[in-house]
Amino acid sequence: MKYTSQSVALPYFIAAIGLFVGQIVFGLAMGLQYVVGDFLFPEIPFNVARMVHTNLLIVWLLFGFMGAAYYLIPEETETELYSPKLALLMFWIFLIAGAATILGYLFVDYNTLAEMTGNNILATMGREFLEQPLLTKIGIVIVALAFLFNISMTMLKGRKTVISIVMLLGLWGLAIFFLFSFYNPGNLVKDKFYWWWVVHLWVEGVWELIMAAMLAFVLIKVTGVDREVIEKWLYVIITLALVTGLIGTGHHYFWIGTPGYWQWWGSIFSALEPIPFFAMTVFAFNMVNRRRREHPNKAAVLWALGTGVMAFLGAGVWGFLHTLAPVNFYTHGSQITAAHGHMAFYGAYVLVVLTIISYAMPLLRGRAANSQRAQVVEMWSFWLMTISMVFITLFLTAAGILQVWLQRVSDTPMPFMQVQDQISLFYWMRLWAGVVFAVGLVTYVASFFVKGESKPLITP
Amino acid sequence: MARNSGPETTARRLPGDLAIWFFILAELLAFGVFFVVYAFTRANHVELFNAEQLTLDRTSGAINTVLLLTSSFFVVRAVQVAEAGFSRRAAPWLAAAFACGAGFVVVKIFEYAEKIGAGISLSSSTFYMFYLSLTFFHFMHVILGLVIIAAMWNGARTGRYGPGNMNGIETGAAYWHMVDLVWLILFPLIYVMR
């Protein structure tokens, strides 16, 4: 850690990990509800558990991105953060608002929650991923604006690098696209059209910029490769991401009442979306192969390489599987979508946040790298989580193929719930893979508490 | 892949910035996929495509082909002049290139106005969907190209380019030739080939 204000990243990272644990707890509960329908009913029904699972994911990734920005922007711009106090204040506001929202989901009936929080003034609730009460949404905007103000002011007074510009561009895009969560037109087609701009133009647009910037930052640090080379790669990756992703998001518009040309535009552009992810994989491996130093933090290198591979598989390959309109006609909203969602979020965004945490956390705790023992435990957690996620994805894919066949392709199509019974074996296997994932996560958390002789920090 | 960031000693060097070549390849790939999809779709609807193709304005397409090719030639001249060490003399060539590109835009706007006036939209038919999408994506590239040429013109005027500093002008030129190349496939494919 070169600048004292970078330490504000620490609470953000801790909160991110804490919420990650919460997300997985609800994931497991839901995994069980898939096969034991009345588990936890009526206290926590499936729809509530799902809402908590997905909302926690988004929120902890946002904590991770913000922590990453607070860590890397001072170092990149070579100046202290504009206002560490504002960053800490926003941390508490975001955490408390987030926790209150989740508690609201769990303990208040959703209708009552909507009435209590002014949904009758401006109706924004009730849409997938955008379930947050109006007050929470406004809170998110305030936190995001304060955060962007803080980061932008820091950049204005410091060195401007490609990494920090790309990061900032991505973060601004994130905030701007979130504003569409306030737009809730009565026309259902329009509503759906803009609904996709929030989370999905994030993940296949601006978040890719954030991800590329974070990955580039860590790779510069752990490989010592010239900044120039890494910046060229960044240019290439963000261009590819924006060229393919922005129109490629049209693959969500196939069947929601939009004009038919979206089937062509969405299919063609989204078919190219694996390319930026593949470029990121090649980038990560290429940089590590050309490394000029052996960084003591081996675990961080592993997470970075894992990000490259898993993002390409989950977002790129599993996305391509069902992105073409004629295929998607059958697979839309099936378990194949769930399979893609799981591996893409894990591979791209969970792993990139864990990469920067792995790199930055030891430094924030005053050492260059964790002890050998702690790193071994951390790497175990990487493999446990990654391999179990591969299995979750494979089981869901198998379930999805069977589902599509029984429900939509076969000459004698079966009703939805009957099909669900037929594929329950895969849901059981997914649940067990999820249990292994949880074990991996516990291992991950434990790795922070493993003692041992750590590499001392050599401050210049 | 990004290896040529060091001093360039080999005789065969890459003109322009490496990053623009990745960009160009990505663009060509995107257009390429679009062309292939067009070809396969046409094969399934030959009669529709042939009939509606006759409604396209081949004359304006031909004029535009000449304009783009001429524009590219002017850019080539600008690069040659700059490489010879006369950066300021490259500016008129770039201005001429810009004028041709702007001519393309004007002709295209008239063509679009005529089609829109006839009630043709992206939803009219599969053929018109391809015609409008492909020409419009290309049109947007021409506009971006004009912005780039304007920047190059400005650079040339202030004497920025020379034998030791060709990166900027070559990068822009490479992009402009790509726009040209795509049109050279697009025009026969959509307007002419039957």
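The values are calculated or read from the model by the stated rules, or taken from the named source; none is laboratory data. The structure displayed is predicted, hence computed values, not measured ones. Cβ: placed from backbone, ideal geometry, glycine included. Neighbour counts: every protein chain shown.
Tallying residues that are without any contact (Cβ under 8 Å) to a residue 60 or more places away in the chain and surrounded by fewer than 17 Cβ atoms within 10 Å (Cβ to Cβ) within the stretch A:123-137 yields 2. The conditions of being assigned to a helix (DSSP H, G or I), closer than 17 Å to A:HIS53 by Cβ and not polar (S, T, N, Q) are met by A:MET385. The set of residues from the stretch A:289-303 being assigned to a helix (DSSP H, G or I) and surrounded by fewer than 17 Cβ atoms within 10 Å (Cβ to Cβ) comprises just one member, A:ASN289.
For the stretch A:147-161, the condition holds for no residue, the condition being that it is touching a Leu at 6+ places or on another chain (Cβ under 8 Å), surrounded by fewer than 19 Cβ atoms within 10 Å (Cβ to Cβ), of a type in the set (Val, Ile, Thr) and closer than 30 Å to A:LYS85 by Cβ.
Residues considered: B:ALA19, B:ALA11. Of these, the only one that is at pLDDT below 95, within 14 Å of chain A (Cβ to nearest Cβ) and at negative phi is B:ALA19. Output the residues belonging to the stretch A:333-374 that are assigned to a helix (DSSP H, G or I), out of contact with any strand residue (DSSP E or B) (no Cβ under 7 Å at 6 or more places or on another chain) and farther than 30 Å from A:GLY319 by Cα. Result: A:ALA360, A:MET361, A:LEU363, A:LEU364, A:GLN372, A:ARG373, A:ALA374. Of all residues in the stretch B:174-194, those being touching a Phe, Trp or Tyr at 6+ places or on another chain (Cβ under 9 Å) and not in a helix (DSSP H, G or I) number 1.
Residues that are touching a His at 6+ places or on another chain (Cβ under 8 Å) and either more than 10 Å from chain B (Cβ to nearest Cβ) or surrounded by fewer than 18 Cβ atoms within 10 Å (Cβ to Cβ) (or both): does the stretch A:271-285 have at least one? For the stretch A:271-285, residues touching a His at 6+ places or on another chain (Cβ under 8 Å) and either more than 10 Å from chain B (Cβ to nearest Cβ) or surrounded by fewer than 18 Cβ atoms within 10 Å (Cβ to Cβ) (or both): absent.
Screening B:PHE74 on (1) farther than 19 Å from B:CYS100 by Cα; (2) part of a helix (DSSP H, G or I); (3) away from chain A (no Cβ under 14 Å); (4) touching a residue at least 24 places away in the same chain (Cβ under 8 Å) shows it passes everything except condition (1). Exactly one residue among B:LEU69, B:LEU134, B:LEU28, B:LEU94 is within 16 Å of B:ASP180 (Cα to Cα), touching an Asp or Glu at 6+ places or on another chain (Cβ under 8 Å) and assigned to a helix (DSSP H, G or I), and that residue is B:LEU69. Consider B:ALA82 carefully, then state whether it is at pLDDT 95 or above and in contact with a strand residue (DSSP E or B) (Cβ under 9 Å, 6 or more places away or on another chain). Spelling it out, B:ALA82 is indeed at pLDDT 95 or above and in contact with a strand residue (DSSP E or B) (Cβ under 9 Å, 6 or more places away or on another chain). All of A:GLY452, A:GLY366, A:GLY400, A:GLY440 fail the test of being within 27 Å of the chain's Cα centre (by Cα) and either under 14 Å from A:GLN335 (Cβ atoms) or at pLDDT below 95 (or both), apart from A:GLY400. Consider the stretch A:209-246 and keep the residues that are closer than 24 Å to A:PHE129 by Cβ and modelled with pLDDT of 95 or more. The one that is nearest to the other protein chains (Cβ to nearest Cβ) is A:ALA212.
Okay, residues lined up against (1) closer than 20 Å to B:HIS45 by Cβ; (2) within 14 Å of another protein chain (Cβ to nearest Cβ):
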| position | (1), (2) |
| --- | --- |
| B:ALA97 | no, no |
| B:PHE104 | no, no |
| B:MET129 | yes, yes |
| B:HIS141 | no, yes |
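Is one or more of the residues making up the stretch A:405-412 of a type in the set (A, V, I, L, M) and surrounded by fewer than 24 Cβ atoms within 10 Å (Cβ to Cβ)? Yes, that holds for at least one residue.
Looking at A:THR244, is it crowded, with 23+ Cβ neighbours inside 10 Å and assigned by TED's automatic domain parsing to the domain that holds A:LEU324? Answer is yes for this residue.
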